[in-house]
Every structure is written in structure tokens, then in C-alpha cells.
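The values are calculated or read from the model by the stated rules, or taken from the named source; none is laboratory data. This is a predicted model, so every value here is computed, not measured. All Cβ positions, glycine included, derive from the backbone under ideal geometry; neighbour counts span all protein chains shown. Ligands, DNA and RNA are excluded from the accessible area calculation, which covers all protein heavy atoms including side chains. Shrake-Rupley method; radii C 1.70, N 1.55, O 1.52, S 1.80 Å.
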Amino acid sequence: MGILSQKLFKGGISIKATNILYSSLALLLALMLSSSAVAQLGEPIIPDFAAEPISGLAPLTVNFTDETDYGPDFDPDVMDVSFLWDFGDNQTEEGEEFAEVSHVYENEGLYTVALNVTITENGTEIANESVLKTDYIEVLAETVVDDYPLVNFTAEPLSGNAPLTVNFTDFSDFGPDFNSDTMNVSYLWDFGDNQTEEGEEFAEVSHVYEEAGFYTVALNVTVTENGTELANGSATEVDYIEVLAETVVDVYPVVNFTAVPLSGDAPLTVNFTDLSDFGPDFDPETANVTRLWEFGDGNNFTSTETTGAYTYEDPGIYNVTLTLFYVEDNETLNMSLTKEAYIEVLEGTPSPAEGYPKLDFSGEPRAGVAPLSVNFTPIVDLGPDFDPVNMTVEGLWEFGDGSNSTEMNVTHVYETPGVYDVTATINIIEDGNTTATESITKEQYIKVFDSDSKGIMLSPGWNFISVPYALNNSSVEFMFADVEYESIIYYDAASEIWLDVEELEPLKGYMVYALDFGMISLDKLVKAEDPIPGVPGASVQIYEGWNAIGFTDSTESLSAEFTLGVIDDSYFEVVGPLNQATLTYAYIGRNGYEGEIGASDDKYVGTDIFLMEPYGGYWLLATENTTLYAVGW
């Protein structure tokens with residue numbers, strides 16, 4: 001059985017995740033790419049656009065058209081749409097009137113185009129999404145010639161799995177003297193696979209490539225008048241079409257599940273049963289099947305059991321997805337099934353125990369050396385009946401070290417090493433009386449190490465880390481001997497899959513799922529001897545698309561502009577660091593910009609102020625294949 005992969009799509013970018021034990025990583029990536037949007041629409045918008053033409057001689061005028069799917073909840077009568085076009089040549093257009101826009105490219109080159117779409121209602125932003133198309137516009141050098149025709153053509157798509165159908169279109173310039181009433185044009189297409197098409201009717205032609213490979217395409221154009229040849233020209237595009245190997249999808253497993261009941265009043269408890277068919281060769285003793293249930297309300301649950309129950313608290317119609325993770329031939333694979341509008345939860349009459357307020361909180365960072373400064377943020381839902389005119393909210397933090405605070409958003413400094421429980425409490429006050437109280441305690445939530453401790457800190461859950469240099473002993477077995485963890489994986493950009501890790505290398509970012517607080521101490525971060533005297537350093541191959549990278553300075557934070565300077569012309573943005581408390585990414589650094597960009601929130605900054613920190617992992621969106629070299633050595 002071949003690798004079965006699940007693709008996640010966001011903003012025109014696709015990332016395949018095949019390390020199945022941890023599909024929450026896929027959620028992390030989706031959060032990363034949509035972190036600037038305020039998701040208040042029922043369904044997310046899907047940004048897209050088209051351009052015509054996408055290739056031609058300079059100066060080239062291109063007409064861009066927004067083709068965003070705004071979803072069923074978009075109401076143009078009460079909602080406004082604003083567009084921000086980045087044409088890739090340091091020129092932009094922004095405003096509500098730019099759903100269609102024309103732009104003139106003056107210089108030859110390949111241009112990456114981005115569109116950011118923002119939806120507001122009554123002045124409040126309710127959605128913000130972006131799409132990036134790499135090397136989308138091709139502007140050719142202005143050519144001064146005496147003879148026509150100037151042969152040119154395009155093809156769509158340029159890459160795909162076999163069998164691949166490609167549509168070719170002639171864009172030749174026949175010059176000012178061409179007369180379509182008296183002159184005829186004949187086309188000869190050579191598709192590079194020993195197949196041709198010839199005739200006057202082939203200004204547009206489709207061709208099917210059956211085999212994998214790179215194909216050089218040539219077009220010859222002949223102009224005749226009354227049977228006499230007047231002009232002839234040709235154009236050739238080397239390795240123009242890339243045909244990938246045909247993907248063979250296995251029949252098994254066939255994912256299926258049921259739920260009882262499918263409808264009812266909130267709160268509604270639903271019993272789910274996995275009915276998947278793994279085929280006649282399935283061996284449950286060796287497959288180690290893990291099931292990820294996604295209930296459609298933002299919550300999910302992982303289990304090895306075939307049955308389970310889940311309670312929906314809020315009315316609504318919910319999609320349900322079951323993803324199976326299993327082992328075959330020592331390889332972890334996955335397969336998913338989504339049943340849309342599967343569960344209907346009706347408006348019920350809540351009991352007092354199911355009322356408001358609802359309370360949660362986050363703290364960041366959760367681990368570090370003393371004195372450790374932690375930022376605590378309450379996450380509160382006061383409910384539809386809360387009256388801000390006549391009601392007030394009072395809060396109380398208990399930090400577990402004998403200290404407390406009544407501030408809502410608070411920073412607390414832990415002076416003494418230890419493991420601390422944290423409790424948050426809120427009271428709703430009306431007419432001097434407490435009308436509602438809610439409290440939550442998170443046990444062993446903060447870990448403070450001794451001030452002499454140095455190294456890479458790990459907190460329970462996902463951590464995104466890197467090592468600063470080649471290590472004397474880089475094996476995972478040695479480095480994590482004192483850490484309780486479940487998985488250490490790396491996103492291989494070349495194959496677009498997650499790989500288990502046995503050795504740690506500099507310039508790579510690793511996802512570590514820790515089961516408890518831990519530390520990789522400095523005495524394990526021993527630098528290896530340089531393999532070539534006088535040539536310290538490391539490098540890693542970067543591929544077009546998303547790459548998980550590391551940082552190679554162990555002493556201080558450096559700007560991405562400096563750190564990534566060697567590939568300045570080869571990447572679009574850098575994302576990080578991971579906020580482990582919220583499973584989101586703190587900043588998005590846009591290459592070529594400076595300072596705060598002024599997007600919909602303060603996440604978008606220029607790479608001159610985007611800081612890369614020691615031992616941190618980061619995501620890099622590359623626009624082409626290149627090589628990244630270490631700094632800080």
C-alpha cells in the first residue's frame with residue numbers, strides 16, 4: 001500500500017501531513033496561516049484571483065480579477081470588502097474599489113502576486129485571508145525586431161500527475177501588416193513526447209501526457225497568402241511541462257462511521273462508532289490504529305477505541321471527520337472521511353450548571369529559569385445576558401506560590417524553582433451582590449528551574465525547537481534521555497511529509513511533543529569539532545514552499561533580515577515563534593518590508609524587527625529552491 005496523504009489547504013498553500021499520530025500539527029499549520037483573521041463568518045472565505053495575460057513583453061499590462069469564494073454567510077448589503085494587491089514589483093493597490101485592477105509591469109522578470117481580502121461589518125473586521133501565487137506573472141524583455149511573427153505561447157497546467165491534460169494557447173504577435181482577411185496561419189506543435197499537431201485550427205490545442213518526465217515544447221508558425229508563404233517563426237520552451245508519476249490509491253481502508261443520535265437539544269451527547277473496513281489483510285496486532293475524531297465545533301479527540309461519546313454544548317449543524325492513523329510496512333499512514341452537516345444540535349433550555357460565565361486562561365511561557373516572568377490572560381465568555389451597564393466583573397489569580405492578584409491581565413514573576421498550580425476565578429457583581437462565580441485550576445501548570453539551569457526548555461504539549469550547531473553527540477536517544485516525550489518529528493520540504501527523527505542537525509526546526517516539563521541541558525549541547533579546519537558552519541537545502549528551519553546562534557536574538565540575508569531573494573515570509581499556550585505563532589515577518597506593516601493586527605512585521613531566538617524553530621515560505629547557511633558561529 002502506498003503512502004496515503006492528507007492535504008490541508010489555506011490561502012493557496014498546500015502542505016501534506018503523513019505523520020499520523022499528531023494531526024494536531026496540521027491544525028498548527030492552519031492556525032499559522034490564518035492567524036490574522038477574526039473568524040466570525042460561519043464558514044471561512046477562500047481567497048483566489050485570476051489574471052490576464054500572465055505572460056508577455058514589457059511593458060506588460062495585466063488585468064487582475066478577484067475570484068474569492070465568500071461563502072454562504074457573506075451579505076454584501078451589510079458587509080464591506082477591502083482588497084490589498086501586492087504585484088511583486090514593490091507596487092501595491094489597496095481599497096474597496098479594487099476587486100478588478102490593472103497593473104503595468106515595466107521590467108522583465110518573474111513576479112509573485114499576493115492578494116489580501118478583508119471583510120468588515122459596521123467598521124469591525126470579521127474575516128481576513130490571503131493568497132500567494134509564486135512566479136505568477138512572466139514579463140519578457142521588450143524586443144525590437146524587423147520581422148514577424150514573434151512566436152509565443154502559454155500552457156495550463158505546467159505540472160501534474162500522469163495522465164496530464166495540458167491546454168496550449170498561441171500568443172504570437174503577427175505584426176502591424178498582418179491581415180486576417182487575406183492571410184492564413186498554420187501551426188505545428190511539437191509536444192516533446194514524439195507527438196505533434198499541425199493545421200490552421202490549432203491556435204488552441206489540448207494534449208495528454210501519459211508518462212512521467214520533463215517535456216520540451218516547440219511551436220512553429222507559418223503565415224501564407226494565396227498559397228504563398230510570407231513568414232515563418234518558432235519558439236521553444238525547454239523542460240516546460242513536468243509530468244509526475246501517476247498516483248495509485250489503495251482500496252483499503254474504507255473509512256466509515258455512525259453516530260446516535262444525529263439530532264437533539266443542547267447539550268447533546270452523541271455516541272460515535274468507527275465502522276471502517278481495513279480489508280482482508282488487516283492485522284490489528286501490528287497496525288496500531290489511532291482514531292482522530294473532529295467534531296466540527298473546534299474540538300477533537302484521539303483514541304484507539306472504536307467507540308466513544310462526545311457532548312455538543314452549543315446549538316448548530318456540525319461536520320464530523322474521522323481520520324485513521326495506522327502502521328503498515330513500518331510506515332505511518334492515514335485516511336479520512338468527513339460527513340457534512342451530520343449532527344444537528346437544537347436550542348435547548350440550559351440548566352444552571354450549564355450557564356455562564358465560562359472561564360479558561362493561558363500562561364506564557366510555562367517553563368523557564370528563576371526568576372521567571374509569566375503573562376497570564378483570562379479567556380472569558382460572560383454570556384448573552386451579561387449587562388455591562390449594571391454588572392461588573394472581578395477576578396482573582398492564585399499563582400501557587402502564595403501570591404495572588406485581582407488584575408484581569410497580569411504578569412507574575414516566580415522567584416523560586418518549583419512546579420506550580422494556577423487558579424483563576426471570576427465573579428459577576430450586580431447591585432453589590434455576587435450573582436455568578438466561575439473558577440478553574442490547572443495543576444502543575446508552571447515549571448520554574450534553578451537559575452543555574454541552562455539549555456532548551458520544554459513544556460507539556462508541542463514545542464518547536466532547534467539546536468545551534470553540529471553536536472558532538474546529536475542522537476535523539478542521548479539528547480532526550482532526561483525528557484519524557486512522545487514524538488520528535490521534522491517536516492521534510494522535499495517530500496512534503498513529516499519524518500521521525502534520530503539525529504538533530506543545525507538549521508532544522510523540530511516539533512517535540514513533551515509529556516512533562518523538561519530541559520536539554522547545556523552539558524549535552526557540546527559543539528562538534530569542525531570536520532574541515534577553519535571552515536565552521538552548516539547549510540541546509542531549502543525548497544520552494546514551507547520549510548521548518550532552525551536558528552544557529554546560542555547567545556542572542558538576531559533579526560531575520562540579518563539571519564536570512566544569504567537567501568534574501570528567495571523567500572516571502574518567516575513565521576514564529578510558537579506560542580505554546582495558544583498553539584499559534586507570534587509574528588509573521590514579510591521579506592522586503594520594514595517595521596510594523598500595519599496589517600489587520602500586529603502580527604505582520606518587517607524582517608528588520610522580526611527576531612529569531614536561540615533554540616527556536618521557525619517556518620520559512622521560500623519562493624524558489626536555494627541553500628541556507630548558518631550564522632552566529
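Across the options 260, 209, 199, the greatest Cα extent toward the positive end of the charge dipole of region 191-275 (unit charges at beta carbon of Lys, Arg, Asp, Glu) belongs to 260.
Contour minus end-to-end for residue 503 and residue 437, with contour as 0.36 nm per residue of separation and end-to-end as the Cα-Cα distance?
On the way: separation 66, 0.36 × 66 = 23.76 nm, distance 5.02 nm.
Gain in length upon complete extension: 18.7 nm.
Note on residue 271 and residue 347: the extension gain reaches 25.4 nm, defined as 0.36 nm multiplied by sequence separation minus the Cα-Cα distance.
Extension gain for residue 238-residue 569 works out to 116.8 nm (0.36 nm per residue, less the C-alpha to C-alpha distance). Over all Cα atoms in region 60-147, the spread is summed up by Rg and Dmax: 16.1, 59 Å. Please state the shape class of region 487-595: rounded when a/c is under 1.5, otherwise prolate if a/b exceeds b/c and oblate if not, all from the C-alpha gyration tensor. In terms of gyration-tensor shape, rounded. Placing pseudo-labels 7 Å out from each Cα toward the beta carbon at residue 360 and residue 405 gives an inter-label distance of 2.1 nm.
Exceeding 28 Å between C-alpha atoms, which entries from my cross-link table qualify? They are 358/447; 527/603; 339/603.
Values: 358/447 26 Å; 527/603 34 Å; 339/603 34 Å.
Violating the 28 Å limit, Cα to Cα: 527/603; 339/603.
For region 359-419, just say rounded, prolate or oblate: build the C-alpha gyration tensor, square-root its eigenvalues into a ≥ b ≥ c, call rounded for a/c under 1.5, and beyond that prolate if a/b exceeds b/c, oblate if not. Since a/c reaches 1.5 and a/b is larger than b/c, the shape of region 359-419 is classed as prolate.
Do the sum for the chain: with -39,500 (n - 2.57) for every DSSP H run of n ≥ 4, divided by all residues, what is the mean residue ellipticity at 222 nm, to the nearest 500 deg cm²/dmol?
Values: 4 runs with 22 residues, N = 633.
About -500 deg cm²/dmol.
Ordering 98, 79, 141 by Cα displacement along the dipole of region 72-147 toward the positive end leaves 79 in first place; charges were set at the Cβ atoms of Lys, Arg (+1) and Asp, Glu (-1). Summary of the geometry: region 399-477 and region 171-206, compared by the centres of their Cα atoms, lie 70 Å apart. The computed semi-axes √(5λ) of the Cα gyration tensor in Å for the structure shown corresponds, within (1) 50, 31, 28; (2) 75, 48, 20; (3) 130, 42, 21, to (1). The calculated FRET efficiency for the pair residue 179 and residue 97, based on their C-beta separation and a Förster distance of 41 Å, comes to about 0.55. Could you point to the residue in 420, 467, 356 farthest towards the positive end of region 348-502's charge dipole, with +1 and -1 charges on the Cβ of Lys/Arg and Asp/Glu respectively? After comparing all options, I get 467.
Calculate, for the chain, the solvent-accessible area per residue in square angstrom, rolling a 1.4 angstrom probe over the heavy atoms of the protein chains. Show your work: numbers first, answer last.
Working: 31880 Å² over 633 residues.
Dividing the accessible area of the chain by its residue count gives 50 Å².
Would region 319-473 count as rounded, prolate or oblate if I go by the C-alpha gyration tensor, calling it rounded below 1.5 in a/c and otherwise prolate when a/b exceeds b/c, oblate otherwise? Judged from the Cα gyration tensor, region 319-473 comes out oblate (a/c at least 1.5, b/c at or above a/b). Note on region 446-514: percent of Cα-Cα distances in each 10 Å bin, starting at 0 and stopping at the bin with the largest distance, equals 18, 52, 26, 3, 0.
In debye, nearest 20: dipole of the chain around its Cα centre with unit charges on the Cβ of K, R (+) and D, E (-)? If you can, show how the numbers build up before the last one.
Details: 16 positive and 111 negative charges, 496 e Å.
The dipole magnitude comes to about 2380 debye.
Per-residue Karplus couplings for region 398-415, computed as 6.51 cos²θ - 1.76 cosθ + 1.60 with θ equal to phi - 60°, are listed in order as 10, 8, x, 10, x, 9, 8, 8, 9, 6, 6, 9, 9, 10, 10, 9, 8, 8 Hz, Gly and Pro entered as x.
Applying 1/(1 + (r/R0)^6) with r as the Cβ-Cβ distance of residue 421 and residue 381 and R0 = 22 angstrom yields a FRET efficiency of 0.40.
In this simple spin-label model, placing a label point 7 Å from the Cα along the Cα-to-Cβ direction at both residue 212 and residue 539 gives a separation of 2.7 nm. Under the convention that each Lys and Arg Cβ holds +1 and each Asp and Glu Cβ holds -1, the size of the dipole of region 162-225 around its Cα centre is about 180 debye.
What the Cβ-Cβ distance of residue 80 and residue 596 gives, at R0 = 22 Å and to the nearest 0.05, is a FRET efficiency of 0.40.
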